[in-house]
1. I'm told A:T979 meets every condition in (1) in contact (Cβ under 8 Å) with a residue 24 or more places away in the chain; (2) open to solvent by less than 10 Å² (accessible area, probe 1.4 Å); (3) not aromatic (F, W, Y) except one. Can you identify the failing condition by its number?
2. Counting only residues that are assigned to a loop (DSSP other than H, G, I, E, B), under 21 Å from A:S1064 (Cβ atoms) and within 13 Å of another protein chain (Cβ to nearest Cβ), how many does region B:218-262 have?
3. Can you find, within region A:1091-1129, the residue that is most open to solvent (accessible area, probe 1.4 Å) among those that are outside any helix (DSSP H, G or I) and not hydroxyl-bearing (S, T, Y)?
4. Working only within region A:1002-1021, note down all residues that are among the hydroxyl-bearing types (S, T, Y), more than 10 Å from chain B (Cβ to nearest Cβ) and closer than 13 Å to A:A1168 by Cβ.
5. Scan (1) at pLDDT below 90; (2) within 29 Å of A:A139 (Cβ to Cβ) for the single condition A:V394 breaks and write down its number.
6. Is region A:1087-1096 home to any residue that is more than 9 Å from chain B (Cβ to nearest Cβ), closer than 24 Å to B:G53 by Cα and under 43 Å from the mean Cα position of the chain (by Cα)?
7. Just for region A:120-174: of the residues that are within 17 Å of A:Y426 (Cβ to Cβ) and outside any helix (DSSP H, G or I), which one is least open to solvent (accessible area, probe 1.4 Å)?
8. Out of the residues in region B:184-196 that are of a type in the set (K, R), more than 29 Å from B:F128 (Cβ to Cβ) and in contact (Cβ under 8 Å) with a residue 12 or more places away in the chain, which is most open to solvent (accessible area, probe 1.4 Å)?
Amino acid sequence: MTSNRPLLIPSPRTPSTHDLPTLPVFPDSAKPSSAMDSENPQPTLNSSSSRRSISSVQSKPSMRYGSRGADSEGAASQKEMNDEDVRIIHINDLAHTNERFEFSGNSIRTTKYSVITFLPRNLFEQFHRVAYLYFLVIAVLNQLPQLAVFGRGVSILPLAFVLLVTAVKDAYEDYRRHRSDRIENNRLASVFVNNQFQLKKWKDVQVGEIIKIEANEGIPCDMVLLSTSDPTGVAYVQTINLDGESNLKTRYAKQETLSKLPEKDRITGMIKCEKPNRNIYGFQAFMEIDGKRLSLGPSNIVLRGCELKNTHWALGVAVYAGRETKVMLNSSGAPSKRSRLETRMNHEIIMLSLFLVVLCSVVSLCAAVWLRRENDNLDDILFYRKKDYSEGEVKDYKYYGWALEIVFTFLMSIIVFQIMIPISLYISMELVRVGQAYFMIRDSQMYDEASNARFQCRALNINEDLGQIKYVFSDKTGTLTENKMEFQCASIWGVDYNGGRGSLEKDQLVHNVQIDGIVLRPKMNVKADPDLLRLLRSEKDTNEGKHVHEFFLALAACNTIVPLVTDSSDPNVRLIDYQGESPDEQALVYAAAAYGFMLIERTSGHITIDIQGERQRFSVLGLHEFDSDRKRMSVILGCPDKTVKVFVKGADTTMFSVTDRRLNLNIIRATEAHIHAYSSLGLRTLVVGMRELTASEFEQWHSSFEAASTALIGRAALLRKVAGNIENNLIILGASGIEDKLQLGVPEAIDSLRTAGVQVWVLTGDKQETAISIGYSSKLLTRRMTQILINSSSKESCRRNLEDAILMSKKLTTVSGNEHSTRGSSGDGITSLALIIDGTSLVYILDSELEEKLFELANRCSVVLCCRVAPLQKAGIVALVKKRTADMTLAIGDGANDVSMIQMADVGVGISGQEGRQAVMASDFAMGQFRFLVPLLLVHGHWNYQRMGYMILYNFYRNAVFVLILFWYVLFTCFTLTTAITEWSSMLYSIIYTALPTIVVGVLDKDLSRMTLLSYPQLYGAGHRQECYNTKLFWVTMVDTLWQSVAVFFIPLLAYWGSTIDTSSIGDLWTLSVVILVNIHLAMDIIRWSWITHAAIWGSIIATWICVIVIDAIPSLVGYWAIFDVMKTGPFWLCLLAIIIAALTPRFCVKFLCQYYSPSDVQIAREAEKFGNLRVSSPVQIEMNPIMELPRR
Amino acid sequence: MTPKGDKGKEGDSSFAKKKSRRPKYSRFSQQELPACKPILSPGWVVSIFITIGIVFIPIGFAALFASERVVELQFQYDQDCVPAKYKDNAVAYIQSNATDKTCTRKMPAVTSKMKSPIYVYYQIDHYFQNHRRYVKSRSDDQLRSVAKENSTSDCAPERFAKNGQPIVPCGLVAWSLFNDTYKFSVKNKTIAVSKKDITWKSDREKKFSSSVYPKNFQSGGLIGGAKLNSSIPLSQQEDLIVWMRTAAMPSFRKLYGRIEVDLDAHDEITIELQNNYNTYSFKGSKSVILSTASWIGGKNDLMGIAYLTIGGMCLFLAICFILMYVLKPRPLGDTSYLSWNRNASGGRLNF
């Protein structure tokens, strides 16, 4: 948990920019309440006619959300907006608004192409890829008459093929976008035109228009609220499409515009706002209306993509439309990353390029030598005939002097040998990744039932990286834990009440409230401590009872929760759903409700709490929102008994510093002890305090609060100061313990990952004690581990600590006598180290020379736990590791605070959980639960890596063997680049003859079953050791390639030397034998033969045969009918058989000897799997066992 | 573990209301298609090698035997048939119209009885009939139909005759048509050489049209080789058809004709040949060959030797593997060989 985690109030994504400088007056004489009738179930909208308890307040605007950190607002007011950076909107004056600026209309276009622009634009985009450019250059070279190796049509075939495939794919995607755009653009909105509201299509809405939105309608463009059905100008919006958060956000209309109705009085005014930008949490503007100048903030604007909820209607002025809306500006694709394997592959591609250059040089040099040697005879040589006599004068025919001939030969050989660079590999890899992604998405074991979330592959290019992850950086809350807060226990006035924990009697009376015969009940039940319940019911007047009473009142009141009443299946029962941005607060309010302090309604100026069956109204006189400096929030309540109290809740560290220590030292001590106990159980703690204000104190606060909140300059700082003044000398009421439950299967998952040799680092914003206790419960830490704690407050002590720790770790590792004890071993038998470091120390370590030491130390530790870290520090830690190792890093998290870390790591995984979608949006992969990391890495990662590694090597081999065969033949054609293999076959070779099997194998082959991989996580080490793709393998493959090409080429050459064989026949023999060879080669390496694999391999061979026959059935080609004639002869079949056997025997032997005498782990596991002596059952059962109750105590 | 397992955990009814995005279970999507997982066990490997050996060695012997039975007479005449005074300037001799190109020689004696049909080949070495310039210089369209007479775009430098008319058949390949002729006689009795059906049927019927007649052929400044009788359609110009099937290798034979009578052992064949074709400018050589045929074609020991070698190697490998298996076996799938198990038992580290 980071420091600005929504510990108390606003989530970090709706941070301090929410601001309400001038809040609407709460209408004193509002209409009679209609809130409780069935049509209007929103108690929050209920206005009331009751009088305020403090009369002085009534005359002034009542402050509701006073100090919502006004940072940006302050900044905005300080620097007057520059005229060039603003857009000016004249409300309801389209002509004026749009005269100077070209504001975009509201029609959106997410499509890339139109029918006309599709072809040029799509081609342009496709040629951004280097691979396609290579194709293009080769094709263009071939069009030059001097270089025309292949026929024109043939040479553009491969390029045309890939372009077509990609274009069809793009066109289809674009068509789908086009369709959804059309639907979106044709939605209707009610727009104020000609003094009445008319329905208008969304696409016709213009900036400056006044739009009326009804409840549950979508918002057509970004607009500034003018008024809403709520007399106080509140509108609730659901932002699920924007940020994925399902709770309702409150937005406000300015009080000055509230009463204006466009039908009656013409609204004129001007809005000056910033240029469109993509910050969905920021908005700065001024509105000039009736000569008054009002500042507008992000809470005054509703954005396209949101829906209006719980508000009958809302009026607003369109300020940003169409593509300038924030949601459109934010719609960007997934980040593009490059996989490690692909980067590595580039080295080999360079090798192959060099090899290609060597081949071409050899050919052109030999050609030059021949030309020089035969220079005098060239005219006479029957097969060369330099001179052309057909026209009057005798001139050279296709002879440009021998220097140019060399150049042309070189270029021509590049054209002929072009597939040495396996361009088709890039396309196959993309297809394979799509296939792999399909299987990952479809994996029913990575489907999360609770959130109904499938696995998502957002980045398609890094599938295989999942098989090589060495470091996992995990967030804690929401990732390891569920982020479903549950109130567990409380320490009130020095007494620990934890009887409710774990022992909920089923028939516990659920507290509920009856209004007009309808029962209101909180949506979630919380186990209540029976003692505490009894105390609350019986002893209202004792000192103890009073404190308990105040404690729960604080829980119910000191928050920003909005209660929503929803229908339930029973018509007489309504459920209260507490909506709020902080799950902690929700948990506390539900807890308060369970103890009989049910928050029933919240309106602008007051809250209604049902206390033990008695409804009480409290005026909310002021509210200081949570900020990450104070780490606490406070609310000032006017109680029914006309007292004014300030309730504060916050983190223990800041709360104890503002308590009045003189009053109740014992209680403070007891509370501190309890807090310590709670956090060692892994509970999140909050301290609650209060103080009663005297009239003068209140007056003083009120006036300064008033001044601060209307200040134009430095409002945030002023408000913080006001808050600091009032949050003082508090009485500590107690503390609450909230459990953040560990997600299902987390300990097992961590254990598996550790066994697999993956280092798991947990980065959390929580307290050290909480972090350590979660560490224990998640099996990250074990009792055998030696813990190294680093929490220093200066650079020097940091350095000392680190050096000591390194010394100690060295000692420990030498004692165990094993340099590598921390890796690979699961920690039993050997002392392993756990490093626990806090954010303050990290401040001194990161970006200084101490980083090196930390890395050294961390590498010796099997566990690293960082607590109290800020979001940027998380990214810093990831960067620290990434910079220093070549190993792959993975970051997993669920919240906005993890975004930087997710983006920094090689692989970012987002948990689509409670905390919005920021993490998911930034991630490469998204899933529902932490434990899915195990199948993701150990199973899919392993498979993907193995498949991709093999596929790359195979593609190198496949193309190189073909090129070498062409090359050998060139040596026998006077170095003139004749190909015996027809040009069509050359082009179809990597498209039809051999493409499908590699793709099928790349998608479907599995070296080991899921069961084996899960029960032996160590098998993941294959990826760490780069077993499937390394330089050695590359060279071995290339040597094999050389041999195979020699076998394919020279067996027929020698067999037919000096015979009547013609070029086409032997060409067909070579074509067929190389295709059969590479397919059988692949077949030899396939591990699992399913029917699809069979179909692909044998199908390809048959397809090749058919293609060769078809090509030879075209009478206008040289090789007409050659295949039929050659197939009638014995030597053809003898050659074919001999080639296959001779070419594959060395590989077969080496493969067998390697597998038999130096088997890899994967190989042994495969054998064990096949022969059934693998103990599969037991570990898997443990793996999948849902651990409901964790052994915490 | 199974997808069925965790259904019913939550209330099924409440869950059904929401549209579940649970991936549909199928053996395909879970990558659990039934599959066979072969493993290279020593037994398999040895039996594969033995099978190969057993298959290859008989084939090898059969091929050698077939090759042995082929009787082949070869007579290289390119140097022999140049008169002594032109020995140093063979090119001039061959290019001159004045010189007598006839050359009568005795072929080597027939070694053993040659049964008909006996094939007559000419063999040229160092002749790059697969030279890129050469193979591209032809028009298959033109050969196929009269209408395409003018499609000579690839034929340069033999496209047009002096009068601007297209040459049929155009191109270097046709232009360089082989023009040596052979006449054989045994004991002063001429042996008829049949030149019918020495080409592929497909070529005669489809590729070379019976309605296309040679035109303007060999009328240019440079005569490459044989002239064609312009009253015979291309489909019957079998020498041309043979020649136009360009050879794959720089050393090649082409069928000249067939002798339909048997030749007895020790028969002395006299050959009367016209040495017209210029292989001298590129140091090529010319031979004439009489050969019987077998199922593996002409005389070719290589195929048999290759098969015997491969078969023998495979048997040898099989024996090696059997020995290795006996001497140093490894139980397949023994998990104690796994690297981490070896480490735990104090074995060598594998990191």
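The values are calculated or read from the model by the stated rules, or taken from the named source; none is laboratory data. Quantities reported herein were computed from a predicted structural model and do not represent experimental measurements. Don't worry about glycine lacking a Cβ; one is built from the backbone with ideal geometry, like all the others, and counts go over all protein chains shown. With ligands, DNA and RNA removed, areas are computed over all heavy atoms of the protein, side chains included. Shrake-Rupley method; radii C 1.70, N 1.55, O 1.52, S 1.80 Å.
1. (2)
2. So the count comes out to 6.
3. Among them, the one singled out is A:K1128.
4. First pass over region A:1002-1021, keeping only residues among the hydroxyl-bearing types (S, T, Y): A:1009, A:1012, A:1015-1016, A:1020.
Subset that is more than 10 Å from chain B (Cβ to nearest Cβ): A:1012, A:1015, A:1020.
Of everything in region A:1002-1021, those that are among the hydroxyl-bearing types (S, T, Y), more than 10 Å from chain B (Cβ to nearest Cβ) and closer than 13 Å to A:A1168 by Cβ turn out to be A:T1012, A:S1015.
5. (2)
6. no
7. A:F127
8. Quick first cut of region B:184-196, residues of a type in the set (K, R) only: B:187, B:189, B:195-196.
Next, only the ones that are more than 29 Å from B:F128 (Cβ to Cβ) stay: B:187, B:189, B:196.
The next check asks that each one be in contact (Cβ under 8 Å) with a residue 12 or more places away in the chain; those that pass are B:187, B:196.
Values: B:K187: 156, B:K196: 124 Å².
Top of the filtered list is B:K187.
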